[in-house]
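No value in this document is a laboratory result; all are computed from the given coordinates. In this text, all values refer to a predicted model and were calculated from it rather than measured experimentally. All Cβ positions, even for glycine, are placed from backbone atoms using ideal geometry, and neighbour counts span all protein chains on display.
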Amino acid sequence: MTQDLNNEMKSDCPVCGGESTLIVTNKTDNIPYFGNILETAVRCEKCGYQSADNICLDHHDPVRYTLEIGKDKLNTRVAKSQTATVQIPELGLKVEPGAKSQGYVSNVEGILNRFEDAIQRVLLMDNEDPQSVKENALNIMDIIESIKLGEMTTKLIVEDPFGNSIIDDDDAKKEKLTPEEVEKLETGFTIINQDEEPIP
Ligand SMILES: [Zn+2]
């Protein structure tokens, strides 16, 4: 049974200054792997400004999951909360929680795809990066492909100071983070997701 709290109230808009034009909606929801989540959304009836903020209400022990990933682990489920850091240290790849972090449930292949997309975007940007940076990026793309094809393996690490993330695999090593390790992690605790798409 999910106990839903769902309420709506009106406030003044910080963007256009409209009086009581900002509709604030608070909702709790229970999401698999992430537990109870508080979703706060605001939307201005006058200027169309909107933003949403999701906060995990369930906090568990700070945790680190480590898994050697290769072709046989591509379907392993990975749940990454908005406070999680995901990294593949041997490739120098790391995603830390930030202002636009979102939680998602994916699998190892999905995580690799996200890293590849991010590298693609860097390569496509018309920037001043020296050739060595581009060569390094292409090299990492090659290695990711090799992992998918089963030619090599590497370590995937998911760390979450609030324990709302998991690498759901019997071979994954689960450790509790020490307070010192937690301090070094970005928490991304205040999350505001600026949704650029208007509500249809
Ligand atoms: Zn407004």
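For the chain, evaluate the Debye formula with one uniform point scatterer on each Cα (no solvent term) and list log10 I(q)/I(0) at q = 0.13 Å⁻¹, rounded to two decimals.
After summing over all Cα pairs, the log10 values are -0.84.
Extension gain Asn36-Asp117, at 0.36 nm per residue separation less the Cα-Cα distance, in nm?
Between Asn36 and Asp117, full extension yields 26.2 nm more.
So for the range 6-56, what are the equivalent ellipsoid semi-axes in whole Å, largest first, each being the square root of 5 times an eigenvalue of the Cα gyration tensor?
Semi-axes (√(5λ), whole Å): 26, 10, 6.
Could you state the number of Å between the C-alpha centres of the range 141-190 and the range 25-71?
19 Å
Could you work out the longest stretch of the chain that avoids the trypsin sites (Lys or Arg not before Pro) located in DSSP loops with at most 15 other Cβ atoms within 10 Å?
In the chain, the maximal stretch lacking such sites is 101-200.
Going by Cβ distance under 4.7 Å, what cysteines of the chain have no possible disulfide partner?
Cys56
Work out the FRET efficiency for Asp170 and Glu145 from their Cβ-Cβ distance, taking R0 = 30 Å, and round it to the nearest 0.05.
0.70
State whether the range 1-110 is rounded, prolate or oblate according to the following rule on the C-alpha gyration tensor (a ≥ b ≥ c being the square roots of its eigenvalues): a/c under 1.5 gives rounded; otherwise a/b larger than b/c gives prolate, and the remaining case gives oblate.
prolate
Of all GluC sites (Glu not before Pro) in the range 94-185, which ones are in loop regions per DSSP and have a Cβ with at most 16 other Cβ atoms within 10 Å?
Loop-located and lightly packed - Glu128, Glu151.
Which lysines have a Cα less than 25 Å from the Cα of Lys71, not counting those fewer than 8 places away in the same chain?
Within reach: Lys80, Lys94, Lys148, Lys155, Lys173, Lys174.
Report P(r) for the range 47-136: all Cα-Cα distances, bin width 5 Å, range 0 to the bin holding the largest distance, values in whole percent.
3, 9, 18, 21, 17, 14, 10, 6, 3, 0, 0
Select from Leu123, Phe162, Ile147 the residue farthest towards the positive end of the dipole of the range 63-184; place +1 on Cβ of Lys and Arg, -1 on Cβ of Asp and Glu, and compute about the Cα centre.
Value: Phe162.
With label points built 7 Å along Cα→Cβ from the Cα atoms of Ala137 and Asn26, find their separation and express it in nm.
Taking the simple label geometry, Ala137 and Asn26 are separated by 4.4 nm.
Please determine, in degrees from 0 to 90 and to the nearest 10, the orientation of helix 131-149 with respect to the longest principal axis defined by the Cα atoms of the chain, where the helix direction is its Cα long axis.
80 degrees
With n ≥ 4 as the cut-off for DSSP H runs, can you work out [θ] at 222 nm for the chain, using -39500 (n - 2.57) per run divided by the number of residues, rounded to the nearest 500?
Computed ellipticity for the chain at 222 nm equals -7000 deg cm²/dmol.
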